[in-house]
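**Q** The structure's right below; bear with me while I get my questions together.
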Amino acid sequence: IAWRKILKDLIAYFREVQSHYEQRAKSLSKLSTVLNNIGTPPGFLSEGGIDDALQILRNFNKQAVTEATKAKEIEEDVILALIGLRNDLHAKIKEIKGLAGDFKNSVEKEMDSTRKAVNQLQEVLGQAELDPSLTTGKQDPYLLRLAVDRQLERQIDEENYLHQVSPW
């Protein structure tokens with residue numbers, strides 16, 4: 001089913017995005033640790049010199065680490081939502097398949113049985129005109145007429161059932 005593949009591929013894509021953000025966050029954390037361990041000697045200017053460059057790099061790394069922690073948001077917001085959607089769709093499909101039996105009908109089967117019963121009655125009636133002695137027992141036209149009536153009732157019941165449950 002196409003929707004399963006699409007959801008699976010989207011989940012895989014966002015997992016890769018998440019992995020990228022996690023790796024980036026780890027790398028930036030290491031860089032930040034190294035940068036934070038750099039101290040300026042007492043003789044350097046506290047403003048307007050190398051210390052300013054270090055402060056700029058520290059601020060940049062803080063923002064980069066904050067951005068890189070989006071991996072957790074992707075996991076919580078996107079991936080889990082897609083997995084939930086996939087599970088919901090799977091459950092709905094199972095539910096629909098379970099209901100499919102409710103919509104089965106045997107109208108065609110009943111129509112076929114009615115057709116056969118009427119043909120059999122017609123044959124016996126044709127034979128009765130030629131030789132009435134051939135129409136005894138199971139071939140009695142009265143009994144076959146009763147069988148046709150019962151079969152018609154079954155067909156009508158099935159058609160009525162179909163009309164009652166169908167929304168059209």
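The values are calculated or read from the model by the stated rules, or taken from the named source; none is laboratory data. What you see is a predicted model, and the numbers here were worked out from it, not measured in a lab. Glycine also receives a Cβ, built like all others from the backbone with ideal geometry; neighbour counts cover every protein chain displayed. Side chains are part of the model used for accessible areas, which takes the heavy atoms of the whole protein and leaves out ligands, DNA and RNA. Shrake-Rupley method; radii C 1.70, N 1.55, O 1.52, S 1.80 Å.
**Q** Which of the following residues is of a type outside the set (D, E, K, R) and open to solvent by 60 Å² or more (accessible area, probe 1.4 Å): Q155, Q151, Q139?
**A** Q139
**Q** Do the conditions hold for K8, that is, is it part of a helix (DSSP H, G or I), out of contact with any helix residue (DSSP H, G or I) (no Cβ under 9 Å at 6 or more places or on another chain), of a type outside the set (A, V, I, L, M, F, W, C) and open to solvent by 70 Å² or more (accessible area, probe 1.4 Å)?
**A** For K8, the condition - part of a helix (DSSP H, G or I), out of contact with any helix residue (DSSP H, G or I) (no Cβ under 9 Å at 6 or more places or on another chain), of a type outside the set (A, V, I, L, M, F, W, C) and open to solvent by 70 Å² or more (accessible area, probe 1.4 Å) - is not met.
**Q** Got a sec? Which of G84, G98, G48, G39 is loosely packed, with under 10 Cβ neighbours inside 10 Å and closer than 30 Å to A2 by Cα?
**A** G98
**Q** Please pick out the residue among E73, E129 that is surrounded by fewer than 10 Cβ atoms within 10 Å (Cβ to Cβ), assigned to a helix (DSSP H, G or I), acidic (D, E) and without any contact (Cβ under 8 Å) to a residue 40 or more places away in the chain.
**A** It is E129.
**Q** Sort out which residues of the range 102-119 are in a helix (DSSP H, G or I), open to solvent by 40 Å² or more (accessible area, probe 1.4 Å), at pLDDT below 90 and not acidic (D, E), and write them in order of number.
**A** Residues satisfying the conditions are F103, K109.
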